[in-house]
Amino acid sequence: VAKLKESVVLKVTPTAPLRRTIQEAATVLRRGGLVAFPTETVYGLGAAALEPAAVRKIFEVKQRPEWDPLIVHVGSVAMAGTLARNLPASFEALTARFWPGPLTLVVERSERVPDEVTAGRPTVALRMPRHKVPMMLLEELKAPIAAPSANRFGSPSPTRAGHVLKDLDGGVDLVLDGGPTLLGVESTVVDLTQSPPRILRPGGVSREDLESVSGPMPVGPSVEDERVQRAMKSPGLTAKHYSPQATVELFGGELHEILEQMVARAAALQARGTPVGAIASREMMYSLQAHTDYVSCFGKWGEWLRYAQRLFAALRIMDANEVVVILCPLPPAEGIGLAVRDRLLRAAGKETPHT
Ligand code: TXA
Ligand code: MG
């Protein structure tokens with residue numbers, strides 16, 4: 001596809017964005033344009049949420065199927081209230097504790113929310129981000145911003161402005177470059193229209209923390225959701241469709257078991273001449289380096305936040321280096337480890353990938 005134009009890129013200091021830069025971004029949104037911006041999780045591709053034409057552009061640029069609804073970013077709990085109806089008591093408890101932050105709440109929507117945003121569903125996903133850039137932008141715009149992750153549908157979410165440009169250059173009017181994002185995985189999505197509430201997507205707020213406020217929360221789509229999703233999905237959107245280009249292989253267990261298995265697998269692949277990459281903890285580096293073409297180290301075993309921060313960038317770098325198989329250790333399903341596992345499983349095509 002021919003590139004029509006180049007995106008404007010403006011640097012922003014995450015802790016102290018220039019008012020002038022934020023005003024420029026707000027102007028783009030008011031005119032119905034698209035702005036990519038950093039959040040505490042990943043970069044978002046924003047449009048004025050109450051403008052159907054602007055929202056449609058997001059789907060076009062991302063090549064996102066129209067059945068996949070968007071998250072609406074709000075600047076306050078009050079703004080969220082104007083987009084929702086029949087809010088349950090858990091909404092107040094969860095927002096009081098976790099907003100602003102990496103928690104998205106699915107609630108009944110009000111008639112103000114366009115069908116384009118919710119893919120025609122009776123619910124809307126709301127999130128108040130904890131990052132100065134979107135917070136100031138929301139304050140300046142005084143209106144909600146619909147924003148999915150700023151990647152092409154199916155590729156790993158962008159954790160740096162360069163990832164946004166790689167996927168969407170020319171399609172987005174303005175990219176605010178605030179450097180690498182803090183968490184690296186997306187927000188936790190919780191469906192409050194079910195009882196008990198259900199974690200649809202593990203993310204930046206841990207299941208343990210959510211349960212300490214709101215009681216037990218099952219994880220994963222309900223059986224009904226899964227059935228509907230499968231029925232809606234076209235054959236072209238099967239697991240294989242999803243990035244990275246390389247095949248992802250996963251290794252679970254204790255550190256020493258994982259290391260032993262990864263080294264054996266890497267050696268076998270290299271013996272066949274297959275370019276192999278790995279994500280590794282510091283303890284694994286020495287043994288893995290001898291048998292791999294590319295290793296990305298996240299930090300010490302147990303530093304799962306650092307694994308989360310590096311994961312998507314590591315997958316993208318290995319694709320850029322034409323690695324064919326990527327070997328990845330699985331963290332335990334605790335804290336942010338649950339979100340890292342979820343993204344790894346999806347990257348390996350083990351579950352319906354999200355976007
Ligand atoms: O951290 C994040 O959540 C990032 C930043 C930019 O805020 N955004 C993000 O958006 O990851 P996106 O579109 O890539 O993922 C949104 C997820 C999708 O899995 C979508 O299906 C789900 O939220 N979702 C949105 N609206 C929903 C609804 N009404 N009911 C159920 N799921 C919904
Ligand atoms: Mg996404």
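The values are calculated or read from the model by the stated rules, or taken from the named source; none is laboratory data. Small disclaimer: the values here were computed from a predicted structure and weren't measured. Quick reminder, even Gly has a Cβ in these numbers, built from the backbone with ideal geometry, and neighbours come from all protein chains shown. Ligands, DNA and RNA are excluded from the accessible area calculation, which covers all protein heavy atoms including side chains. Shrake-Rupley method; radii C 1.70, N 1.55, O 1.52, S 1.80 Å.
Could you tell me which residue of the stretch 12-26 is most open to solvent (accessible area, probe 1.4 Å), considering only residues that are part of a loop (DSSP other than H, G, I, E, B) and within 16 Å of ligand 1 (Cβ to nearest atom)?
Pro14
Any idea how many residues of the stretch 180-203 are closer than 17 Å to Pro158 by Cβ and open to solvent by less than 20 Å² (accessible area, probe 1.4 Å)?
Residues in the stretch 180-203 being closer than 17 Å to Pro158 by Cβ and open to solvent by less than 20 Å² (accessible area, probe 1.4 Å): 6 in total.
If I ask for residues that are among the small types (Gly, Ala, Ser), over 18 Å from the mean Cα position of the chain (by Cα) and either in a strand (DSSP E or B) or more than 8 Å from ligand 1 (Cβ to nearest atom) (or both), which ones from the stretch 114-140 would you list?
Gly120
Which of the strands (runs of 3 or more DSSP E) contained wholly in the stretch 160-216 include at least 1 residues that are closer than 22 Å to Ala54 by Cβ and either in contact with a Gly (Cβ under 9 Å, 6 or more places away or on another chain) or more than 12 Å from ligand 1 (Cβ to nearest atom) (or both)?
Where strands (runs of 3 or more DSSP E) fall fully within the stretch 160-216 and carry at least 1 residues being closer than 22 Å to Ala54 by Cβ and either in contact with a Gly (Cβ under 9 Å, 6 or more places away or on another chain) or more than 12 Å from ligand 1 (Cβ to nearest atom) (or both), they are 174-177.
Could you check, for the stretch 268-275, whether at least one of its residues is closer than 28 Å to Lys62 by Cβ, among the charged types (D, E, K, R) and open to solvent by 30 Å² or more (accessible area, probe 1.4 Å)?
no
I'd like to check something: does the stretch 302-325 contain any residue that is in a strand (DSSP E or B), open to solvent by 40 Å² or more (accessible area, probe 1.4 Å) and at pLDDT 95 or above?
Taking every residue of the stretch 302-325 in turn, none turns out to be in a strand (DSSP E or B), open to solvent by 40 Å² or more (accessible area, probe 1.4 Å) and at pLDDT 95 or above.
Which residues, taken from the stretch 118-151, are on the phi > 0 side of the Ramachandran plot and of a type in the set (Gly, Ala, Ser)?
Correct list: Ala119, Gly120.
Given the conditions (1) at positive phi; (2) open to solvent by 20 Å² or more (accessible area, probe 1.4 Å); (3) within 16 Å of ligand 2 (Cβ to nearest atom); (4) not polar (S, T, N, Q), and given that Gly154 satisfies all but one, which numbered condition is not satisfied?
Checking Gly154 against (1) at positive phi; (2) open to solvent by 20 Å² or more (accessible area, probe 1.4 Å); (3) within 16 Å of ligand 2 (Cβ to nearest atom); (4) not polar (S, T, N, Q), the one that fails is (2).
Just give me the residues in the stretch 326-355 being within 16 Å of ligand 1 (Cβ to nearest atom), crowded, with 22+ Cβ neighbours inside 10 Å and within 22 Å of Arg265 (Cβ to Cβ), in sequence order.
Passing the criteria: Val340, Arg343, Ala347.
Could you tell me whether Glu66 is among the acidic types (Asp, Glu) and at pLDDT 95 or above?
Answer is no for this residue.
Would you mind finding the one in Arg20, Arg56 that is in contact (Cβ under 8 Å) with a residue 60 or more places away in the chain, of a type in the set (D, E, K, R) and either away from ligand 2 (no atom under 16 Å from the Cβ) or closer than 25 Å to Leu311 by Cβ (or both)?
It is Arg56.
Could you tell me which numbered condition Thr95 fails, if it satisfies all but one of (1) within 21 Å of Pro202 (Cα to Cα); (2) within 11 Å of ligand 1 (Cβ to nearest atom); (3) free of Cβ contacts under 8 Å to residues at least 60 places away in the same chain?
With respect to (1) within 21 Å of Pro202 (Cα to Cα); (2) within 11 Å of ligand 1 (Cβ to nearest atom); (3) free of Cβ contacts under 8 Å to residues at least 60 places away in the same chain, Thr95 is out only on (2).
Say we look at the stretch 114-147 and pick out the residues that are open to solvent by 10 Å² or more (accessible area, probe 1.4 Å) and within 16 Å of ligand 2 (Cβ to nearest atom); which of these is farthest from Phe37 (Cα to Cα)?
Ala119
Report whether or not Leu288 is more than 23 Å from Thr188 (Cβ to Cβ) and either in a helix (DSSP H, G or I) or open to solvent by less than 10 Å² (accessible area, probe 1.4 Å) (or both).
yes
Do you know which residues across the stretch 225-269 are part of a loop (DSSP other than H, G, I, E, B), of a type outside the set (Gly, Ala, Ser) and at pLDDT 65 or above?
Passing the criteria: Pro244, Gln245, Glu254.
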